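Since the structure comes first, as structure tokens, the remarks are kept for the end.
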Amino acid sequence: MAVYAVGDIQGCYIPLKNLLKQVDFNPAVDVLWCVGDLVNRGPDSLNTLRFLKELDDACICVLGNHDLHLLELASGASSYRRDTLEQVLDADDCDDLIRWLRHRPILHHDANLSWTMVHAGLHPAWSLAKAKKRAVKIEMQLQGKHWKEFCHQLHHVKFPVSEPKKGDPSRLLFAAAVFTRTRYCNSDGIFNWDVRTGESSDNKDRPWFRHKQLNWRAETHVVYGHWAAKGLVDDQPHVLGLDTGCVWGNPLTLAKLKKGGKFDIVAQVMP
């Protein structure tokens, strides 16, 4: 059995199939971890979702910001100029795909491997246990009967830059942003949601995984995506960043995850 992790797919269905073919991926014995952003901007979000759904237990996908955006559209929110999600929303099996997507996790942890998967990042001040609790609360909202209302909130909110106090209704929205949008934050737990591609102009900002105090670091290693501008991040002892920007004309990257936070980059394909 092999556990593979793939970077942001974003509807790049053919590169995904070619990537798995390179390693002779066998869903009867192997497992594919997808770091989120399964859909949008790329050419074939519909077949990407159908394929991953059909893999069943051989595939574990966490939700990214583009996946949440698809749920927002399915709940009645307005689209953005560069969206390529119409084929999903117009498909005969749209309801089944949306239901499947709503039941994907926000965080996945494998204690045996000592790997945790999220789309974008973790709060430096969170322990692994705290991160799990935050993730479960978001998952409960997305899987519950009021999921559309929650998605409307995600679509319209201006995310807090620091964690609100317990009992504040925006606390869950902040957690969703941490898991699916994080790039930069400072040592005081202030998150910068504005920087998308370049470097932060605030000299207090650091990439979320490069702070000296990371409460989760002793408990797990983290595989993530979301940050195509950074490319492959494989030079850190505690994280592996796999978004190499396939949707922007760069490779789609596949890693083989091993016990103790070890990994091998085993395949890359161009779109």
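Restricting attention to region 102-135 and to residues that are part of a helix (DSSP H, G or I) and among the aliphatic types (A, V, I, L, M), the residue that is nearest to C61 (Cα to Cα) turns out to be A135.
Among the conditions (1) more than 22 Å from V178 (Cα to Cα); (2) at pLDDT 95 or above; (3) more than 15 Å from the chain's Cα centre (by Cα), the only one that L52 does not satisfy is (3). Just one of (1) assigned to a loop (DSSP other than H, G, I, E, B); (2) farther than 17 Å from T244 by Cβ fails for L97. It is (1).
For the residues V178, V157, the requirement of being of a type in the set (V, I, T), more than 17 Å from V222 (Cα to Cα) and free of Cβ contacts under 8 Å to residues at least 60 places away in the same chain singles out V157. The residues listed here are A267, A228; of these, the one that is under 24 Å from H66 (Cβ atoms) and part of a loop (DSSP other than H, G, I, E, B) is A228.
In region 145-156 there is at least one residue matching the filter, namely being out of contact with any Ser or Thr (no Cβ under 8 Å at 6 or more places or on another chain), assigned to a loop (DSSP other than H, G, I, E, B) and at pLDDT 95 or above.
The values are calculated or read from the model by the stated rules, or taken from the named source; none is laboratory data. Owing to the predicted nature of the structure, the values given are computational and were not obtained by experimental measurement. Glycine also receives a Cβ, built like all others from the backbone with ideal geometry; neighbour counts cover every protein chain displayed.
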